[in-house]
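*Asks:* Okay, here's the structure, questions in a sec.
The values are calculated or read from the model by the stated rules, or taken from the named source; none is laboratory data. This is a predicted model, so every value here is computed, not measured. Counting neighbours? That spans all protein chains shown, and the Cβs are built from the backbone with ideal geometry, glycine included. Remember, those area values only see protein heavy atoms, side chains included, never the ligands or the DNA or RNA. Shrake-Rupley method; radii C 1.70, N 1.55, O 1.52, S 1.80 Å.
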Amino acid sequence: MQIKENLALAPLTTLGVGGQARFFVNAANIEDVESAIAFATSRKLPLFVLGGGSNVLISDQGWPGLVLRVGILGIEEEQSRGKASLRVGAGDSWDTFVALCVSMNYAGLECLSGIPGRVGGTPVQNVGAYGQEVSETISSVLAFDRSENRVRELNNAECGFSYRTSIFNTTDRERYIILRVTYELQPGGAPKLLYADLQKYFAGYKPPTLSETRNAVLKIRAAKGMLITPGDPDSCSAGSFFKNPVLTVTEFEDLTRKAEEKGLHLPSYPALAQQHKVSAAWLVENSGFRKGYSRGRVGISSKHALALVNRNQATAAEIVALKDEIQGRVFATWGIRLEPEPVLVGF
């Protein structure tokens, strides 16, 4: 295990902001993970687990303890009961894995194409997009339990998945370090076409293949500035910065009334029983912010109202100031508090 000191973290994130890590370890195997935890424990250092850096905002002060990057790689496959079970290292590239599954004609992840980051981050936020969530296909998660100081396997139910959440970022935050994830996919299965943009894309078209669905998702994401494209100024972001709010029936009715009073139509769709998920992008754009909005060295993507972008060597403090401005105006206008989607580190 190699321990680096005072390592710059900004280059390891898609936002490109943040200070240094006092100590940094890239763990290539489970033994490295255990050694890194022992190192942090012996020195009483705070520990942060960094994945692909695509869903994180690191403070300008950086991290005073140990940053651990799990670089465990490798895919193991089993076939059972007509399903393909793939056990994947936490350090593997997420989109490379999705592309592999699509090429093998395994259904279940095709709509999650183009999402940056690593496999280990997907259970934490219950990553979802275009009508799919990883919780639909994750059968188990292998993780190091810091409370019990051992490696253990958690089944799907034990992960406590919900919209953009799991036990890994709520009730048991910082307890588990994810090592491997097992997905159960359907060989020869049909693509999932629940998302409106996908239905529109394939309107009047013969039923698409998994590959055609993946390509469509990539095109839609690119049009919204949600692909990491070198040279694209809108790519220097953490993706969607705010979660779509999930409202109770009463809250939803109140919001609908406010929208009607302003002569606006509120787009929505059922999210959970007795609840409604509403578009955070719609709330932002109807609170006085436009795509392409600038505030000094930071701004909003010209392609998507939820992507906050680093335009020119911005600081984390400038990103936070824009976040606060948007949250404040949305609350003042609609009475809804937007929750950030990226993890804020070192604040």
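*Asks:* Would you please give the residues with an amide H less than 5 Å from that of A238, counting only those at least 5 places away or on a separate chain, with H modeled from the backbone geometry?
*Replies:* L308
*Asks:* How large is the accessible surface of E158 in square angstrom, using a 1.4 angstrom probe and rounding to the nearest 10?
*Replies:* Roughly 80 Å² of E158 is accessible to a 1.4 Å probe.
*Asks:* Give K206/K291; K219/K323; K224/K262; K243/K303; K83/K219; K192/K224 a once-over and call out the pairs whose C-alpha atoms are over 23 Å from each other.
*Replies:* Values: K206/K291 34 Å; K219/K323 27 Å; K224/K262 27 Å; K243/K303 17 Å; K83/K219 29 Å; K192/K224 20 Å.
Cα-Cα > 23 Å for K206/K291; K219/K323; K224/K262; K83/K219; rest within.
*Asks:* Right, another one. In whole Å, what are the extents of the range 127-285 along the principal axes defined by its C-alpha atoms, from largest to smallest?
*Replies:* Answer, in whole Å and largest first: 57, 40, 36 Å.
*Asks:* From largest accessible area down, sort S237, S211; use a 1.4 Å probe on the protein chains.
*Replies:* Details: S237 5, S211 60 Å².
Descending accessible area places them as S211, S237.
*Asks:* While we're here: Can you sort Y195, Y201 by 1.4 Å-probe accessible area, starting with the largest?
*Replies:* Numbers: Y195 75, Y201 100 Å².
Correct descending sequence by accessible area is Y201, Y195.
*Asks:* Round to the nearest 0.05 the FRET efficiency obtained for Q186 and T229 when R0 = 30 Å and r is the Cβ-Cβ distance. Write down the numbers at each step before the final one.
*Replies:* Details: r = 31 Å, r/R0 = 1.03.
Result of the calculation: an efficiency of 0.45.
*Asks:* Taking the Cα atoms of the range 102-201 alone, what are Rg (to one decimal) and Dmax (as a whole number) in Å?
*Replies:* Both quantities, over Cα of the range 102-201: 14.5, 50 Å.
*Asks:* Then there is this: Amide H neighbours of L50 under 5 Å, counting only residues 5+ apart in sequence or on other chains, H built in-plane at 1.01 Å?
*Replies:* L68, R69, V70
*Asks:* What is the gain in length, in nm to one decimal, between N312 and D197 on full extension, counting 0.36 nm per residue of separation less the C-alpha to C-alpha distance? Before the final figure, lay out each step's value.
*Replies:* Details: separation 115, 0.36 × 115 = 41.40 nm, distance 3.17 nm.
38.2 nm is the gain from fully extending N312 to D197.
*Asks:* Based on the Cα coordinates of the range 165-216, what is the per residue volume of their convex hull in Å³?
*Replies:* Value for the range 165-216: 130 Å³ per residue.
*Asks:* Rounded if a/c is under 1.5, else prolate if a/b is larger than b/c, else oblate: which is the chain, with a ≥ b ≥ c the root eigenvalues of its Cα gyration tensor? Mind dumping the intermediate values first?
*Replies:* On the way: a/c = 1.65, a/b = 1.15, b/c = 1.43.
Oblate is the answer for the chain, as a/c is 1.5 or above yet b/c matches or exceeds a/b.
*Asks:* Tally up the carbon and sulfur contribution to the accessible surface of the chain as a whole percent, 1.4 Å probe, everything protein left in place.
*Replies:* Ligands and nucleic acids excluded, carbon and sulfur reach 50 percent.
*Asks:* If N is the number of residues in the range 199-338, what value comes out of its Cα radius of gyration divided by 2.2 N^0.38 Å? Display every interim value, and only then the final one.
*Replies:* Values: Rg = 16.9 Å, N = 140, 2.2 N^0.38 = 14.4 Å.
In units of the 2.2 N^0.38 Å rule of thumb, it is 1.18.
*Asks:* For a quick size check, give me the Cα extents of the range 221-264 along its three principal axes, largest first, whole Å.
*Replies:* Rounded to whole Å, the extents work out to 44, 22, 13 Å.
*Asks:* Tell me the label-point distance for the pair L264, A321, using the 7 Å Cα-to-Cβ offset, in nm and rounded to one decimal.
*Replies:* 2.6
*Asks:* Next up: Determine the calculated [θ] at 222 nm for the chain from helices alone, applying -39500 (n - 2.57) to every DSSP H run no shorter than 4 residues and normalising by the residue count; nearest 500 deg cm²/dmol. Please list the in-between numbers first.
*Replies:* Numbers: 8 runs with 85 residues, N = 347.
Result for the chain, helices only: -7500 deg cm²/dmol.
*Asks:* Sort the range 191-261 into rounded, prolate or oblate with this rule: let a ≥ b ≥ c be the square roots of the eigenvalues of the Cα gyration tensor; rounded if a/c is under 1.5, and if a/c is not under 1.5, prolate when a/b is larger than b/c, oblate otherwise.
*Replies:* Values: a/c = 2.80, a/b = 1.35, b/c = 2.07.
Cα axes put the range 191-261 in the oblate bin.
*Asks:* How much net charge surrounds D254 when only the other residues with a Cβ under 15 Å from the Cβ of D254 are counted, with Lys and Arg +1 and Asp and Glu -1?
*Replies:* With Lys, Arg at +1 and Asp, Glu at -1, the net is 0.
*Asks:* Amide H to amide H, which residues 5 or more places from I138 or on other chains are under 5 Å from it, using H placed in the peptide plane?
*Replies:* E184
*Asks:* Let me ask something else. Enter the accessible area of I228 (Å², nearest 10), with the probe set to 1.4 Å and all protein chains included.
*Replies:* 90
*Asks:* Tell me the net charge near G53. Cut-off is 10 Å between Cβ atoms, G53 excluded, with +1 for each Lys or Arg and -1 for each Asp or Glu.
*Replies:* In short, +2.
*Asks:* Here is a follow-up. Have a look at the range 36-146 and give its Rg and Dmax from the Cα atoms, expressed in angstrom.
*Replies:* When restricted to the Cα atoms of the range 36-146, Rg and Dmax are 15.9, 51 Å.
*Asks:* How big is the equivalent ellipsoid of the range 81-145 along its three axes, where each semi-axis is √(5λ) from the Cα gyration tensor, reported in whole Å from largest to smallest?
*Replies:* Numbers: eigenvalues 56, 42, 29 Å².
Here the semi-axes work out to 17, 14, 12 Å.
*Asks:* Roughly speaking, what is the centre-to-centre gap between the range 242-268 and the range 77-100 when only Cα atoms are used, to the nearest Å?
*Replies:* Taking the Cα centre of each part, the range 242-268 and the range 77-100 sit 39 Å apart.
*Asks:* Please figure out what share of the DSSP beta bridges in the chain is antiparallel and state it in percent, rounded to the nearest 5.
*Replies:* On the way: 50 of 63 bridges.
The answer is about 80 percent antiparallel.
*Asks:* Turning to a different aspect of this structure: Please compute, over every Cα-Cα pair in the range 296-347, the percentage with a separation greater than 16 angstrom. Walk me through the numbers on the way to the answer.
*Replies:* On the way: 590 of 1326 pairs.
In whole percent, the long-distance tail amounts to 44.
*Asks:* Now, a different point. Of H276, H265, which has the most accessible area with a 1.4 Å probe, and how do the rest follow in descending order?
*Replies:* Descending order: H265, H276.
*Asks:* Please compute the alpha carbon radius of gyration of the range 7-53, then divide it by the globular-protein estimate 2.2 N^0.38 Å. Two decimals is fine. Write out the running numbers ahead of the final one.
*Replies:* Working: Rg = 11.6 Å, N = 47, 2.2 N^0.38 = 9.5 Å.
The reported ratio for this selection is 1.22.
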